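The values are calculated or read from the model by the stated rules, or taken from the named source; none is laboratory data. Nothing here was measured: the structure is a model prediction, and the numbers come from that model. Here the Cβ is made from the backbone with ideal geometry for all residues, glycine too, and neighbour counts use every protein chain on show. Ligands, DNA and RNA are stripped out before the accessible areas are found, and what is left, the full protein with its side chains, is counted by its heavy atoms. Shrake-Rupley method; radii C 1.70, N 1.55, O 1.52, S 1.80 Å.
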Amino acid sequence: MKIIYHEKYLTDYPTASVEQPERVKTIYETLSPLYPVLGPEPATEADLLLVHSPELIDRVKQAPSLYEVATLAAGGAILAAELALQGEPAFATIRPPGHHASPFSHWGFCFFNNLALALERLRVRQLIRQALVLDIDLHYGDGTVNAFRDRSGVTVINISQKNRDKYLAEVQAILAEPRSFDILAVSAGFDTYQKDWGGLLLTEDYHQIGQWIKAAARAVGQGRYFAVLEGGYYLPDLGQNALALVQGLE
Ligand SMILES: [Zn+2]
């Protein structure tokens, strides 16, 4: 298990105040004593164009500090996906998040769709043919759905239950369904946490979800799986929740 992180993720770029640098700082401080940490290269403009329009990329470029961090976040997801392809699971502790970034538009503290870029990069190089995306963030990952709407081979699943038992049962059922995929990518949002906006899940639930993801990927996807950080705003427990998921995944 590898952790992806870059100190520039702490940059105070223009975004909503709730999507603050302390989010990745607390996760990094919890995970870095326990796991090897790798730093990514920024995504190139050619990478960004795999999913996004030139106009959207130019809009983000208007804020240079944001553009630098956003390309490093995309690069973090790309590195996590490359490690996963080699059979090494990875958790990308990145910001800004990405699952609300569509090909032509973005919202919800997202600018580039980190996970979609990482998968599309593997797909166009014919390193994968089929991928399963599991989005466990509280919010519907519209950007990822839009990114793969007209492209074959990538199945995107969002969990929308508003009750803890039903939520967990749905995650378990989806991962137990027979399917074929070459890689399993997880949009890991922790805003489903009991003390966060969603008021749903306990810390131990992220560990359980991580174990289900690992089992599904090992049974079907040759053990290729990775997760990237999306939401999660309750700072006191965010590090422990990420650790629980990572321990389940490892
Ligand atoms: Zn969210």
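What the table shows:
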item: Single residue of Ala215, Ala147, Ala169 found to be away from the ligand (no atom under 16 Å from the Cβ) and in contact with a Leu (Cβ under 8 Å, 6 or more places away or on another chain); result: Ala215
item: Which numbered condition Ile209 misses (of (1) within 16 Å of the ligand (Cβ to nearest atom); (2) buried (at least 21 other Cβ atoms within 10 Å of the Cβ); (3) within 17 Å of Gly98 (Cβ to Cβ)); result: (3)
item: Any hit, the stretch 80-101, residues being within 12 Å of Asn114 (Cα to Cα), at pLDDT 95 or above and of a type in the set (Val, Ile, Thr); result: yes
item: Helices (runs of 4 or more DSSP H) wholly inside the stretch 15-84 that include at least 2 residues being in contact with a Phe, Trp or Tyr (Cβ under 7 Å, 6 or more places away or on another chain); result: 22-31, 54-61
item: Every pair of residues 6+ apart whose Cβ atoms lie under 6 Å, when the first sits in the stretch 201-225 and is more than 14 Å from Leu85 (Cα to Cα) and free of Cβ contacts under 8 Å to residues at least 12 places away in the same chain while the second is hydroxyl-bearing (Ser, Thr, Tyr) and surrounded by fewer than 19 Cβ atoms within 10 Å (Cβ to Cβ); result: none
item: Selection from the stretch 22-65 of residues that are open to solvent by 50 Å² or more (accessible area, probe 1.4 Å), in contact with a helix residue (DSSP H, G or I) (Cβ under 6 Å, 6 or more places away or on another chain) and not charged (D, E, K, R); result: Pro42
item: Whichever residue in the stretch 224-236 is within 16 Å of the ligand (Cβ to nearest atom) and not in a strand (DSSP E or B) and, among such residues, is farthest from Leu202 (Cα to Cα); result: Glu230
item: Scan of the stretch 187-221 for residues that are in contact with an Asp or Glu (Cβ under 9 Å, 6 or more places away or on another chain) and of a type in the set (Phe, Trp, Tyr), ordered by number; result: Phe190, Tyr193, Trp197
item: Criterion violated by Gly141 - all others in (1) farther than 17 Å from Ser160 by Cβ; (2) buried (at least 22 other Cβ atoms within 10 Å of the Cβ) satisfied; result: (1)
